[in-house]
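What follows is one structure encoded as structure tokens, with my remarks underneath.
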Amino acid sequence: MAKGNKITDIFINYSANIRYYISRIVRPEDIEDIVQETFIKSYEADLKQEIQYARSYMLKTAKNLALNHVQKWDNKYKDSLEDSCEPPVQLITQNFENEFESKERFLLFCKATDHLQGSVKKAFILKKVYGLSQREIADYLNLSESTIEKHVAKGLLTCSEYMARAEQQANDKMASYSTLSKGKKSS
């Protein structure tokens, strides 16, 4: 049985217990979010290193997430009036533009990875997103380290080319809009 399937099966069988346990800590509307985050954290941890006692690990993770959630919620309402006088976000256009460009670039990266195929996509995402070593990826995908290295390189090249093409197309569109708007003004 694959590593991911083991943790998934345990989670499915044990999720009702997790819900019940954290229902005593958080509000009912927050339970599902914490249960889902528990699964994600457990799954990611299991990808990096096999979890020997998965049920205990999930329960401890759920408890910590629930307590952190309550702590954040409590602190949210303990802010002083002095803190509320200052705007919570700096309203500087440059920061907004940089953040927007960063998010736009990340979305472009996600689209680029969607164009990768099979084990190239898996190897690339495990390396670049989850930060696993080539050895860990090779063990997980039952491939040689050399193959993983080639897959990651191919994924990097394919994504870079896709992103460069997309950015060039966006620049070309902006140039054509600029030309059109200048033509309308001179008419």
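Of the cross-linked pairs K6/K127; K72/K154; K60/K111; K63/K121; K127/K173, those separated by over 31 Å at the C-alpha level are K72/K154; K60/K111; K63/K121; K127/K173.
Assuming a viscosity of 0.692 mPa s and a temperature of 37 °C, what translational diffusion coefficient in µm² per second does Stokes-Einstein assign to segment 100-163, Rh being the Kirkwood radius over Cα pairs? Walk me through the intermediate numbers first.
Working: Rh = 11.8 Å.
It diffuses with D of about 277 µm²/s by this estimate.
Only the coordinates and a few stated rules stand behind these numbers; no lab work does. Owing to the predicted nature of the structure, the values given are computational and were not obtained by experimental measurement.
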